[in-house]
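Please read the structure below before turning to the comments.
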Amino acid sequence: MILNKVIYADVTILDLIIVICVFIVAIFIAKTLSLYLRRSLKDKFRADKLEILTKVIYYGIIGVAVIIAFPILGINPSGLLVAGGIAGIIIGFASQSIVGNLISGLFLMIERPIKMGNAVQIGEYSGMVEDIRIISTTLRTWDGLYVRIPNEKVFSNSITNYVANVARRFGYVVGIRYSDDADQAISIMKRLIEEHPLALKNPPPQLFVDNLGDNAVNITVRMWAPVSEWYGLRMEMLWKIKKTLEENGIEIAFPQRTVWFANELNKREIKDPDT
Amino acid sequence: MPEKEENSLEKSKKGSDGLSSPVIHKPLFGYHEIPLSISHEGFSISAEPADEIVVYRRECGQEKVEKTLLVSDARLLINPVEPLNTPKEISPHLLIEFDKMLAVEPKARRKIFLTFPIEIGVFISAKREHKNIDVFGLHKQKFTLYGDPRVGVICKYWKSGVFSTAPALDPLREGVLRLTIINTTGDWVEATKAVFNAYAMKIHYNDDMVSMKATMKIIGPHIAETNFIDSPLEKNMINSLELYIARKLAVTEPKFVMELGI
């Protein structure tokens, strides 16, 4: 019978079909289970942790399939480990950059300076972390571009994680005219910050006259916001401050210069021809 | 179809003599048949059936909400929910700052009454299943940071007076929290705030009051553990349908450990 035909050693076509079936079943189970977990735990787990969990389960099932399949194919797993070790050294020398990326990827996963979904700046790229793979990290830049950065580069570059802490501070310098009351301006801005729910109560906001500039009394305004909300708040508050100050007769100063003439000017009045 | 009911929720009205005369109407919290129209100082709610749909409308201040519900035979459930959803659901923690610092004697167990903000949850109920369709609040909203930006947590902020008995409050705006403070240390401890995992809140209500019970176990000069107790403050209070129950979310750790100061 054709199924009993030996391919090599004791391995027959039937064994090969069994192995293929084991892998198909394993891939099917792994995909179904990870899809099910991804859907059912979506609301209960953070996206990055869920991704790691599903990947571990997926590759774990595939690993079990490999362990089942090897003896059927007449491969001794212990011998494979020795061969794999030697092969690893050879491959390592042959492909240093890939190994470098791989090791960097492992260190990134252990150190975890960035997580999936974080807003980060890595070197010249700024955006949202889409995925951290074993060889590379992918970002979606703020203008929607897909950027793949090798992990070695991620690891060796300086990383700014904008959302690593729960709150962040931002501020403005508001320049008002010398004729305006700075105390009143501070009091108005303090009230606006106090009234906004997303401007944090603690750490408290800071408002003070920072310097007496050439054209304006410069008031520094600093406030804290939840890290997920700071950018929206920053955009909202600046315009609100400007409008409210103007409604109260306080104007944002603009560059101006007073010119004094050494001699009295010779003035000539021009009459309006229509009058 | 039942007749449209007009509910006014004012608890009392001042007469011409300036004295309060009780004008009790149907309470807001509880089940309501559709059609429904409720107006109250600060907000209005309506649910109008039209063929196979129900149009839900709510106004509160400048905010207007309109939703179309594909349902034929349903009721609305309105009850207090965890005060975490407005203006944005960004934190599961509630920080209550005491208006006065509390000094707690060593090895003591004392009960105090605080206030907490109320958010009103509206659920559509059909075939024994509830779906949250709206949440709003009449209180002032504010967030704060407990701890430092690196290891702290963002919390909904509320400042409360400290009372020895349950204060009389507007149940649409504030609830009563009975906090049992247990000082397990052998030293005097100063407390200025309590932080709670608000997803584990157990809210109960009746016509006059919304209440919760909680404990604050002080285990060090700067460390305490807070927890909610599923028990009403008075007899015949109804258990609120909290949002985390409606959403079928599992609360893995109902306690909150205040490690960053009390």
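Points to keep in mind about this one:
- Scaled radius of gyration (Cα, divided by 2.2 N^0.38 Å) that chain B gives: 1.09
- Two-site label geometry, A:Phe261 and A:Ile110: point separation in nm, points 7 Å out along Cα→Cβ: 7.9 nm
- For the stretch B:26-80, GluC sites (Glu not before Pro) are listed when DSSP marks them as loop and at most 12 other Cβ atoms sit within 10 Å of their Cβ; the list is B:Glu41, B:Glu52.
- Cα long-axis angle, helix A:77-94 against chain A (0 to 90 degrees, to the nearest 10): 50 degrees
- With θ taken as phi - 60° and the Karplus curve 6.51 cos²θ - 1.76 cosθ + 1.60 applied, the whole-hertz 3J(HN,Hα) list for the stretch B:80-92 is x, 10, 4, x, 10, 9, 10, x, 8, 8, 10, 8, x Hz, x standing for glycine and proline.
- Cβ neighbours within 10 Å from other chains - mean over A:198-205: 6
- Computed over chain A: relative contact order in percent, which uses C-alpha pairs under 8 Å that are six or more apart: 12 percent
- Here is the P(r) of the protein assembly as shown: all C-alpha pair distances, binned every 20 Å from 0, give 15, 36, 31, 14, 3, 0, 0 in whole percents.
- Think of the protein assembly as shown as a dipole: +1 on every Lys or Arg Cβ, -1 on every Asp or Glu Cβ, centred on the Cα centre; then among B:Leu70, A:Thr137, B:Tyr56, A:Thr137 lies furthest on the positive end.
- Neighbouring Cβ atoms from other chains, within 10 Å of the Cβ of residues in A:220-227, number 2 on average.
- Positive-end extreme of charge dipole, the stretch B:27-153 - chosen from B:Ile96, B:Leu138, B:Pro80 (charges on Cβ): B:Ile96
- Relative contact order of the stretch B:166-227, taken over Cα pairs closer than 8 Å and 6 or more residues apart, is 42 percent.
- Taking the fewest neighbouring Cβ atoms within 10 Å as the starting point, the ordered list for B:Phe143, B:Phe163 is B:Phe163, B:Phe143.
- Inter-part distance where the stretch B:187-229 and the stretch A:101-172 are each reduced to a Cα centre, Å: 39 Å
- Lys, Arg +1 and Asp, Glu -1 on Cβ, resulting dipole of the protein assembly as shown about Cα centre, debye, nearest 20: 1320 debye
- Each pair of Cα atoms in the stretch A:33-186 enters the Kirkwood radius, and Stokes-Einstein at 25 °C and 0.890 mPa s then converts it into a translational diffusion coefficient of 126 µm²/s.
- Whole-Å distance, taken between Cα centres, linking the stretch A:1-24 and the stretch B:41-111: 64 Å
- Size of electric dipole in the stretch A:96-237: Cβ of Lys, Arg +1 and of Asp, Glu -1, about Cα centre, debye, nearest 20: 460 debye
- Scanning chain A for GluC sites (Glu not before Pro) that sit in a DSSP loop and have at most 16 other Cβ atoms within 10 Å, the longest stretch containing none of them is A:125-250.
- Compactness of the stretch A:131-275 as Cα Rg over 2.2 N^0.38 Å, two decimals: 1.66
- For the stretch A:125-140, the Karplus equation 6.51 cos²θ - 1.76 cosθ + 1.60, evaluated at θ = phi - 60°, returns couplings of 9, 10, x, 9, 6, 8, 7, 10, 9, 5, 9, 9, 10, 10, 10, 10 Hz by residue, with Gly and Pro reported as x.
- Charged-residue dipole, Cβ positions (Lys, Arg, Asp, Glu), chain A about Cα centre, Debye nearest 20: 900 debye
- ³J(HN,Hα) computed for each position of the stretch A:170-183 - Karplus, 6.51 cos²θ - 1.76 cosθ + 1.60, integer Hz, glycine/proline x: 9, x, 9, 10, 9, x, 10, 5, 5, 7, 8, 8, 5, 4
- B:Thr192, A:Thr12 arranged by Cβ crowding within 10 Å, fewest neighbours leading: B:Thr192, A:Thr12
- Helix-only arithmetic for chain B: the sum of -39500 (n - 2.57) across DSSP H runs with n ≥ 4, divided by the residue total, places the mean residue ellipticity at 222 nm at 0 deg cm²/dmol.
- Between B:Gly137 and B:Ile120, the built amide H atoms are under 5 Å apart, and every one of these is 5 or more places off in sequence or on another chain.
- For B:Val162, distant residues with modelled amide H under 5 Å away: B:Asp99, B:Lys100
- Selected from A:Ile90, A:Val120, A:Gly100, residue furthest toward positive end of dipole (chain A; charges at beta carbon): A:Ile90
- When shorter helices are ignored and each DSSP H run of at least 4 residues is given -39500 (n - 2.57), the per-residue value for chain A at 222 nm works out to -15500 deg cm²/dmol.
Read-outs throughout are calculated quantities, based only on the coordinates presented, and are distinct from any laboratory measurement. What you see is a predicted model, and the numbers here were worked out from it, not measured in a lab. Cβ coordinates were reconstructed from backbone atoms using ideal geometry, including for glycine residues, and neighbour counts include every protein chain displayed.
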